[in-house]
Amino acid sequence: MYSTEKLKAELNNEQFQAVTSTEGYVRVIAGAGSGKTRALTSRYAYIIGALGISSSNILCVTFTNKAAREMRIRVKKLIGGNSDLGYITTYHGFCVRILREDINKISYPKNFIIMDVEDQKTVLRDIYRELGITSKELTFKQVLRFISRQKTQLHYLEYILDSKKNKSKDKIDKIFIRYLEKQQRNFALDFDDLINFTLYILAKYPDTLLKWQKRLHYILVDETQDSSDKQFKLVELLSRFHKNLFVVGDPDQTIYEWRGAKPEILVNFDKTYPDSKTIVMNQNYRSTPNILSLGNHIIKNNKIRVAKDMFTQNPEGVEVIHFHAQNDNEEGLWVATEIKKLVYEDNCKYSDFAILYRANYISRNIEQSFIRENIPYSVFGGIRFFERKEIKDVLAYLRLIEFEDDFSFLRVVNVPSRGLGKRFIQNVAEIAEKDNVSLYQALKTNVSRKGLNRKGAIEFIELIESKRKIKDSISVSDLIKEIMDESGLSGYYRLDGDTDRLENVKELQNSIITQENNTEENFTLTEYLQEIALYTDMDIDDNRNDRVKLMTIHTSKGLEFPHVFLCGFTEGILPSAMSIKERGKKAIEEERRLTYVAITRAEKAFYMTDSEGFNFSTGSNKYPSRFLFEISDNFFVRKGKLSQDIIDEAKKKFQLELNGLPKPKSFKLKDLVHHPIWGYGKVIEINLDREEYLIDFEKTGKTKPINFYFRGLSSAKDALNHSQITKEKGKENSTSVGGIESSDKRVKDLGEKSIEVVPDTQDLVKVKDQKEEEYNEEQLERYKEILSNLNQKAIEDDWIQDKNSHTDLSKEGNSTKGLSTAKDYENDLPGIKSKTKGNFWSIITSMFRSIFC
């Protein structure tokens, strides 16, 4: 028998409410370390054990496969028996369950193929080859992002399922169409398709929807803050029959907005469902008060959140530390030294420590310091910096130039491809063994011999020999640049579509430049290779369990560690300059949440580190993160010398950037707008997640995603008004009467004219005491042309205003006959022209009333 009393004794009051409030719509705001997973698994077990509901009638979706596996293990321990826990899964996992059962309704086989990212890249390689495209034109990352963006809506399914053909001259459109065709031919679905096909089937086949709605009596959603609109639409749709929807999460830990997560779903849940119940779990069982105070202090600056202050009954603990280094090497060395000190003095284990960072390349200086100090470590969710293919390739070229060793020769002789296959290498090896020389020497000596005198082999020998001649006269960093360019490695990595490889090579160059600048004597290739040999020796420690863990903040989500170092806490890195450039203020909020997630991973101690120098990613000097300056000094102890000049410069820089952020445009669906390049268009979609409008442009006939913050986007009315220049009598300079003044300036005096903004119609103007002037025939024809071109789009999208809704606003009372479309206006132009006697503003006022109001 399930014991509610035992449950009550094990949980705090908020957790108990979260478990036992089973009916209706329930929202739980569960802060970091508040026992969210325990409450969620206990709720699942309670529904089975106390209410007697079968596990086949309960859906529990979470964000990752790892979290789903762990939850199934926990639930199994609580309920025992042999219950089927297959409905504890991810969104994509549940979609697969639906599709395996019902995809045949759209004539797809139940054994359809699921594509991962590598499968997608394989398809793209084929398409690039077929279309003659290289990644210099479009990288895989750009195309995959475009494909994912196109699949945010379900329109593309018409092309696949209804065999609608779509030809395009645009290169990226061609790739997308070819990609869909290859998917269709192989009955292959990528991750975007899984949820799209599911929603499509549920929408098109009501009986299928009802079947699933009736089956799922209780729906639980974990990490709701990371759900996208479509994901939440799925669970909301399925919950409509029984109306038992439980959502749990923390808006302060939303770190996936860049890929569609929408924290507003959880923040506004109580408004979406006014009868819902909200429970706030804000007691933390993980961290010390010092760590929580730091987190509370920094996250309160965000706007999109549910206000809460985390508290704990844990002991005070040690103070939070910020270390400011003079350069990268000092930062890495300080972290290594601090870890060794705690291991030897406080009897800590290496596995008690985690190094977190915003971007993978930050691990480079940390790894170098750990190897130098003989500290064992593992990189989670990635590859050690010096084990990465691109780094090994570059180092192999350097070693071959210096040492002519066989290992390096075999690695790079055909990288990038020079048409030198296995048989060719075997012939070279036979000569080398016979003459007792290295493989490189064997090829170099016999490259003119028949069978070896291939173009690729000759060019390879010429490259290595040319670099051997200059290696002692140029810097190592410059030598790498020449190798990258002349060997074809740069083009090879671009062609592969993986620009991260080029970023990693750039980081290797940066590290060498730092060493060259900090070394008084000449830094030779031999010295560098001898030193780097230490970094590539991975046999540091056989005890793989007791290692420091290195990972990105994203990877650390949901984990906890006794000691946490947040490294590279530098402006441009955290917050990411690229994210801010792409997404503005929304990105700043998400980067602040990333910082909060990093802080709340720590149990006993938390450290923040940054360094001075030059940031090659942003192209500017390095400053501590702006988030550091949001924290009061009494919340942490500073170590390392951070001058007041740097603090002042940083704050000034942040304020200038903040002031420079454009304000978002505010347009509605079906608004007509003007773009400085593409001309006039109409808003056909508003994507709040990406902060962009999808606009259908009249001139090009194409749709384009335009950022909310783009300064060049204006309303069509403003653009048309701005183009009308009125000549005033008695004045040499013409004055624009098209720019509409804001409502706080009631009257704008323009000589003999006075334009008043009408409060209840905002952008409309009425002209009073204005002398009649002849209209400009050319201008009138231009308006006629624009309206004619936009008219067809207006009709296609049901954008026809009710005739009876239009009223006349002109001073003279000239009737516009309630024109409802641009076409009506175009047909009636001659009549209006004669009636207004050339009064231009009467025409414009009537025209805009008929189109926009």
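Could you list, in sequence order, all residues of the stretch 680-722 that are of a type in the set (S, T, N, Q) and not in a loop (DSSP other than H, G, I, E, B)?
Our first condition is that a residue be of a type in the set (S, T, N, Q); within the stretch 680-722, this holds for 687, 700, 703, 707, 714-715, 721.
ASN687, THR703, ASN707, SER714, SER715, ASN721 - these are the residues of the stretch 680-722 that are of a type in the set (S, T, N, Q) and not in a loop (DSSP other than H, G, I, E, B).
Conditions (1) modelled with pLDDT of 85 or more; (2) out of contact with any Lys or Arg (no Cβ under 8 Å at 6 or more places or on another chain), marked per residue:
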{"position": "ASN517", "(1), (2)": "no, yes"}
{"position": "GLU520", "(1), (2)": "no, yes"}
{"position": "THR526", "(1), (2)": "no, yes"}
{"position": "LEU534", "(1), (2)": "no, no"}
{"position": "ASP546", "(1), (2)": "yes, no"}
{"position": "LEU550", "(1), (2)": "yes, yes"}
{"position": "VAL564", "(1), (2)": "yes, no"}
{"position": "GLU571", "(1), (2)": "yes, no"}
{"position": "LEU574", "(1), (2)": "yes, no"}
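Within the stretch 463-506, restricting attention to residues that are in contact (Cβ under 8 Å) with a residue 24 or more places away in the chain and assigned to a loop (DSSP other than H, G, I, E, B), which residue is nearest to LEU400 (Cα to Cα)?
LYS471
Can you work out which of the residues in the stretch 296-312 that are without any contact (Cβ under 8 Å) to a residue 24 or more places away in the chain and assigned to a loop (DSSP other than H, G, I, E, B) is farthest from VAL564 (Cα to Cα)? Working first, answer last.
Filtering the stretch 296-312 down to residues without any contact (Cβ under 8 Å) to a residue 24 or more places away in the chain leaves 296, 300, 307.
Restricting the remaining residues to those that are assigned to a loop (DSSP other than H, G, I, E, B) gives 300, 307.
On the way: LYS300: 22, ALA307: 26 Å.
For the stretch 296-312, the residue satisfying everything is ALA307.
Residues are listed down the side, and each one gets a yes or a no for (1) outside the structural domain of LEU502 (by the TED database); (2) of a type in the set (A, V, I, L, M, F, W, C); (3) in contact (Cβ under 8 Å) with a residue 24 or more places away in the chain:
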{"site": "GLU118", "(1), (2), (3)": "yes, no, no"}
{"site": "VAL123", "(1), (2), (3)": "yes, yes, yes"}
{"site": "GLU130", "(1), (2), (3)": "yes, no, yes"}
{"site": "ILE133", "(1), (2), (3)": "yes, yes, yes"}
{"site": "GLU137", "(1), (2), (3)": "yes, no, yes"}
{"site": "VAL143", "(1), (2), (3)": "yes, yes, yes"}
{"site": "ARG149", "(1), (2), (3)": "yes, no, yes"}
{"site": "TYR156", "(1), (2), (3)": "yes, no, yes"}
{"site": "ARG178", "(1), (2), (3)": "yes, no, yes"}
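Considering only residues that are part of a helix (DSSP H, G or I) and in contact (Cβ under 8 Å) with a residue 40 or more places away in the chain, look in the stretch 78-92 and name the one that is surrounded by the fewest Cβ atoms within 10 Å (Cβ to Cβ).
So in the stretch 78-92, the residues part of a helix (DSSP H, G or I) come out as 78-79, 91-92.
Restricting the remaining residues to those that are in contact (Cβ under 8 Å) with a residue 40 or more places away in the chain gives 91-92.
Numbers: TYR91: 23, HIS92: 17.
Top of the filtered list is HIS92.
From the list ALA39, ALA9, ALA32, which residue is open to solvent by 30 Å² or more (accessible area, probe 1.4 Å) and of a type in the set (Gly, Ala, Ser)? Don't jump to the end; show me each part of the working.
On the way: ALA39 fails: open to solvent by 30 Å² or more (accessible area, probe 1.4 Å); ALA32 fails: open to solvent by 30 Å² or more (accessible area, probe 1.4 Å).
Only one candidate passes the filter, namely ALA9.
Within the stretch 397-413, track down each residue that is surrounded by 18 or more Cβ atoms within 10 Å (Cβ to Cβ) and either part of a loop (DSSP other than H, G, I, E, B) or touching a strand residue (DSSP E or B) at 6+ places or on another chain (Cβ under 8 Å) (or both). Talk me through it step by step, then tell me what you get.
Here is the first cut: in the stretch 397-413, the residues surrounded by 18 or more Cβ atoms within 10 Å (Cβ to Cβ) are 397-402, 408-409, 411-413.
Residue satisfying the conditions is VAL413 alone.
Residues GLY249, GLY260: which one is closer than 24 Å to TYR596 by Cβ, open to solvent by 10 Å² or more (accessible area, probe 1.4 Å), small (Gly, Ala, Ser) and touching a helix residue (DSSP H, G or I) at 6+ places or on another chain (Cβ under 9 Å)? Full working, then the answer.
Details: GLY249 fails: open to solvent by 10 Å² or more (accessible area, probe 1.4 Å).
One residue alone meets the criteria, GLY260.
Quick check on LYS277: is it in contact (Cβ under 8 Å) with a residue 12 or more places away in the chain, among the charged types (D, E, K, R), touching a Ser or Thr at 6+ places or on another chain (Cβ under 9 Å) and surrounded by fewer than 19 Cβ atoms within 10 Å (Cβ to Cβ)?
On the way: in contact (Cβ under 8 Å) with a residue 12 or more places away in the chain: yes; among the charged types (D, E, K, R): yes; touching a Ser or Thr at 6+ places or on another chain (Cβ under 9 Å): yes; surrounded by fewer than 19 Cβ atoms within 10 Å (Cβ to Cβ): yes.
For LYS277, the condition - in contact (Cβ under 8 Å) with a residue 12 or more places away in the chain, among the charged types (D, E, K, R), touching a Ser or Thr at 6+ places or on another chain (Cβ under 9 Å) and surrounded by fewer than 19 Cβ atoms within 10 Å (Cβ to Cβ) - is met.
Please specify each residue of the stretch 36-82 satisfying the condition of being within 24 Å of PHE191 (Cβ to Cβ) and charged (D, E, K, R).
Hits for the stretch 36-82 are LYS66, ARG69, GLU70, ARG72.
Quickly run through the stretch 126-136 and pick out the residues that are open to solvent by 60 Å² or more (accessible area, probe 1.4 Å) and under 17 Å from ARG501 (Cα atoms).
Result: LYS136, single match.
Any residue at all in the stretch 438-452 that's within 37 Å of the chain's Cα centre (by Cα) and either assigned by the TED database to the domain that holds THR514 or of a type in the set (A, V, I, L, M) (or both)? Please lay out each step first, then the result.
Our first condition is that a residue be within 37 Å of the chain's Cα centre (by Cα); within the stretch 438-452, this holds for none.
The answer is no, given that none of the residues of the stretch 438-452 is within 37 Å of the chain's Cα centre (by Cα) and either assigned by the TED database to the domain that holds THR514 or of a type in the set (A, V, I, L, M) (or both).
Could you tell me which numbered condition ILE425 fails, if it satisfies all but one of (1) under 45 Å from the mean Cα position of the chain (by Cα); (2) part of a loop (DSSP other than H, G, I, E, B)?
Status for ILE425: all satisfied but (2).
Each row is one residue, and each column tells you yes or no for (1) within 21 Å of ILE279 (Cα to Cα); (2) free of Cβ contacts under 8 Å to residues at least 24 places away in the same chain; (3) assigned to a strand (DSSP E or B); (4) open to solvent by less than 50 Å² (accessible area, probe 1.4 Å).
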position: GLN15; (1), (2), (3), (4): yes, no, no, yes
position: TYR44; (1), (2), (3), (4): yes, no, no, yes
position: ILE53; (1), (2), (3), (4): no, no, no, yes
position: VAL61; (1), (2), (3), (4): yes, no, yes, yes
position: LYS76; (1), (2), (3), (4): no, yes, no, no
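What residue, of GLU590, GLU560, GLU603, GLU507, is modelled with pLDDT of 85 or more, of a type outside the set (A, V, I, L, M, F, W, C), touching a Lys or Arg at 6+ places or on another chain (Cβ under 6 Å) and crowded, with 18+ Cβ neighbours inside 10 Å?
Details: GLU590 fails: touching a Lys or Arg at 6+ places or on another chain (Cβ under 6 Å); GLU560 fails: crowded, with 18+ Cβ neighbours inside 10 Å; GLU507 fails: modelled with pLDDT of 85 or more.
Being modelled with pLDDT of 85 or more, of a type outside the set (A, V, I, L, M, F, W, C), touching a Lys or Arg at 6+ places or on another chain (Cβ under 6 Å) and crowded, with 18+ Cβ neighbours inside 10 Å holds for just one of GLU590, GLU560, GLU603, GLU507, which is GLU603.
Quick one: is ALA50 of a type in the set (A, V, I, L, M) and closer than 15 Å to LEU245 by Cα? Steps first, please.
Details: of a type in the set (A, V, I, L, M): yes; closer than 15 Å to LEU245 by Cα: no.
When the stated conditions are applied, ALA50 does not pass them.
Testing ASP173 on (1) modelled with pLDDT under 80; (2) surrounded by fewer than 16 Cβ atoms within 10 Å (Cβ to Cβ), one condition comes back false. Which one is that?
(1)
Return yes or no: is ILE279 within 29 Å of the chain's Cα centre (by Cα) and either within 30 Å of PRO315 (Cβ to Cβ) or aliphatic (A, V, I, L, M) (or both)? Give the steps one after another, and end with the answer.
Details: within 29 Å of the chain's Cα centre (by Cα): no; either within 30 Å of PRO315 (Cβ to Cβ) or aliphatic (A, V, I, L, M) (or both): yes.
It is false that ILE279 is within 29 Å of the chain's Cα centre (by Cα) and either within 30 Å of PRO315 (Cβ to Cβ) or aliphatic (A, V, I, L, M) (or both).
Specify the residue that is farthest from VAL548 (Cα to Cα); the eligible residues are those in the stretch 313-344 that are in a helix (DSSP H, G or I) and small (Gly, Ala, Ser). Show your work before the answer.
Here is the first cut: in the stretch 313-344, the ones in a helix (DSSP H, G or I) are 328-344.
Now narrow it down to the ones that are small (Gly, Ala, Ser): 332, 336.
On the way: GLY332: 13, ALA336: 10 Å.
In this case the residue turns out to be GLY332.
The values are calculated or read from the model by the stated rules, or taken from the named source; none is laboratory data. These figures come from a predicted structure and were not determined experimentally. Every residue, glycine among them, receives a Cβ derived from its backbone with ideal geometry; neighbour counts consider all protein chains shown. Side chains included, ligands, DNA and RNA excluded: accessible areas come from the protein's heavy atoms. Shrake-Rupley method; radii C 1.70, N 1.55, O 1.52, S 1.80 Å.
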